[in-house]
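Peer 1: There's a structure below that I have some questions on.
The values are calculated or read from the model by the stated rules, or taken from the named source; none is laboratory data. Source: prediction; values computed, not measured. Backbone-built Cβ (ideal geometry, glycine too); neighbour counts: all protein chains shown. Accessible surface is based on the protein model in full, side chains and every heavy atom, while ligands, DNA and RNA are left aside. Shrake-Rupley method; radii C 1.70, N 1.55, O 1.52, S 1.80 Å.
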Amino acid sequence: MRGVPGTVEGYRALARGRLGGEVWDFFEGGAESERTVGDNRRAFGRVTLRPRVLVDVSRCDTAVEVLGARLRTPVGVAPTAYHRLAHPDGEVATAQGAGAAGALFVVSIYASRTIEDVAAAATSPWWLQLYWLRRRDILADLVARAAAAGCGAVVLTVDAPRLGRRHRDARNGFALGPGIRAANLDSAVTASAHLPAAGRSALAAHAVEAVDPSVTWSDLAWLRARSDLPLVLKGVLTAQDAALAVDHGADAVVVSNHGGRQLDRAPATLDALAEVVAAVGGAIPVLLDGGVRGGTDAFAALALGARAVLLGRPALWGLAAGGAAGVAGVLDLATEELAHTMALAGRPDLASIDGSAVRLRAEAR
Ligand SMILES: Cc1cc2nc3c(=O)[nH]c(=O)nc-3n(C[C@H](O)[C@H](O)[C@H](O)COP(=O)(O)O)c2cc1C
Ligand SMILES: CCCCCCC(=O)C(=O)O
């Protein structure tokens, strides 16, 4: 990649120049007023750091273990659909970039490369994300394929019984072109995602057709019975659901509002983190995504109890800007910034980043 950006924002600017307007809107957009998209970022802006001094920070260690995955960094890649919209190599490039950074990659069920291609390219742990499709036979098949290919966990996204109302996509009549498809799903199942219609998103229409909105906690046992892989629930925002997740045997939860793309006015993830961490009470790891744009954000989330954080849009910016090198570049920037923050805050390893390392300023009224 020529002209390697020195900041995550630099990758965003490069990606902006390379992506068409409709794809840019699909990546950047959120639900309704996009208030939650902005709130995710504003919450990080309210964190101040409380540095300790005269601590030996000659070595700052960002290594972490999550559900048996040993990672060089607690900053990983969130599941996002259709990476070939950003780069011709799609999720294979993302897997290579995550591998170069020693980071976790969560592959979307709507990946545009096959699980087997991703697995062959991956040199760091990867997990598979699922939406609960009406076609349970497809879910069972995907879980079996993922386990055979070396997947480390199944991530069930629980905040999308239908797609959020994304006005940008509706305005653009957004639909997938023929060159981009969900490579792990039968074309007959995903045909509706390719049918443009004025004033509506084909993906939203497809979700109505494909995703089962009737699923409840008691259905999780069905998924658990399909494999021995750890089960992670993504999209938990309240203490009540965090407690239910533990009761129903989830192995981890991701505090997520889907990057503000689902329920507008859902809380910022950083604001929801403390109640989820308290409800879980250390029983299972808590991850967070939404608005994380660098290592200082990661530091704040770790201090408030997250084991790891995931990047959604920034990984796509890296991918669009420079393929595998761009993804690695974004992850490395965030990891280096985390190590730098750890040094200046006097916290040389992740275990030392505790609640005393941050203060949350009250929201301005
Ligand atoms: C373009 C795009 C596609 C996404 N696709 C998925 C998906 O397939 N499955 C899923 O669980 N979440 C999906 N998400 C949500 C992300 O996993 C993640 O929750 C969110 O992007 C985090 O916020 P951030 O973009 O501010 O980092 C998507 C997000 C974006 C921006
Ligand atoms: C369920 C059909 C489309 C999924 C689109 C990916 C996604 O989750 C998103 O936020 O966009």
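Peer 1: Does Ala308 satisfy the condition of being within 16 Å of ligand 1 (Cβ to nearest atom) and hydrophobic (A, V, I, L, M, F, W, C)?
Peer 2: Yes: the conditions hold for Ala308.
Peer 1: Moving on to the next point. Filter region 168-189 down to the residues that are buried (at least 16 other Cβ atoms within 10 Å of the Cβ) and within 16 Å of Phe26 (Cβ to Cβ) and list them by number.
Peer 2: Once the filter is applied, which keeps residues that are buried (at least 16 other Cβ atoms within 10 Å of the Cβ) and within 16 Å of Phe26 (Cβ to Cβ), region 168-189 yields Arg168, Asp169, Ala170, Asn172, Phe174, Ala175, Leu176, Ile180, Arg181, Ala182.
Peer 1: I want to confirm something. Restricting to region 88-110 and keeping residues that are closer than 16 Å to Val330 by Cβ, more than 13 Å from ligand 2 (Cβ to nearest atom) and of a type in the set (A, V, I, L, M, F, W, C), which single residue is most open to solvent (accessible area, probe 1.4 Å)?
Peer 2: The selected residue is Ala100.
Peer 1: Would you confirm, using the coordinates I've provided, whether Ala328 is modelled with pLDDT of 95 or more, touching a helix residue (DSSP H, G or I) at 6+ places or on another chain (Cβ under 9 Å) and crowded, with 23+ Cβ neighbours inside 10 Å?
Peer 2: yes
Peer 1: Residues to consider are Arg171, Arg162, Arg136, Arg145; find the one that is within 14 Å of ligand 2 (Cβ to nearest atom) and more than 25 Å from Gly326 (Cβ to Cβ).
Peer 2: Sole residue among the options that is within 14 Å of ligand 2 (Cβ to nearest atom) and more than 25 Å from Gly326 (Cβ to Cβ): Arg162.
Peer 1: Within region 287-320, which residues are under 11 Å from Gly76 (Cβ atoms) and outside any strand (DSSP E or B)?
Peer 2: Hits for region 287-320 are Val292, Ala298, Arg307, Gly312, Ala315.
Peer 1: Let me ask something else about it. Let me confirm something: among Leu273, Leu263, which residue is within 16 Å of ligand 1 (Cβ to nearest atom), assigned to a loop (DSSP other than H, G, I, E, B) and either more than 18 Å from the chain's Cα centre (by Cα) or surrounded by 15 or more Cβ atoms within 10 Å (Cβ to Cβ) (or both)?
Peer 2: Answer to the check: Leu263.
Peer 1: Using the structure shown, decide if Ala268 is among the aliphatic types (A, V, I, L, M), open to solvent by less than 60 Å² (accessible area, probe 1.4 Å) and either within 16 Å of ligand 1 (Cβ to nearest atom) or under 13 Å from Ala160 (Cβ atoms) (or both).
Peer 2: yes
Peer 1: Assess whether Arg50 counts as being within 16 Å of ligand 1 (Cβ to nearest atom) and over 20 Å from the mean Cα position of the chain (by Cα).
Peer 2: Answer is no for this residue.
Peer 1: If we keep just the residues of region 68-87 that are open to solvent by 20 Å² or more (accessible area, probe 1.4 Å) and of a type in the set (A, V, I, L, M, F, W, C), which is farthest from ligand 2 (Cβ to nearest atom)?
Peer 2: Ranking the candidates gives Leu85 first.
Peer 1: Listed residues Leu244, Leu223, Leu163; which is touching a Leu at 6+ places or on another chain (Cβ under 8 Å), part of a helix (DSSP H, G or I) and surrounded by fewer than 21 Cβ atoms within 10 Å (Cβ to Cβ)?
Peer 2: Only one candidate passes the filter, namely Leu223.
Peer 1: Name, by its number, the condition in (1) closer than 30 Å to Leu139 by Cα; (2) out of contact with any His (no Cβ under 6 Å at 6 or more places or on another chain); (3) charged (D, E, K, R); (4) touching a residue at least 24 places away in the same chain (Cβ under 8 Å) that does not hold for Glu65.
Peer 2: The number of the failed condition is (4).
Peer 1: Kindly provide the set of residues from region 247-260 that are open to solvent by 10 Å² or more (accessible area, probe 1.4 Å) and among the polar types (S, T, N, Q), ordered by number.
Peer 2: none
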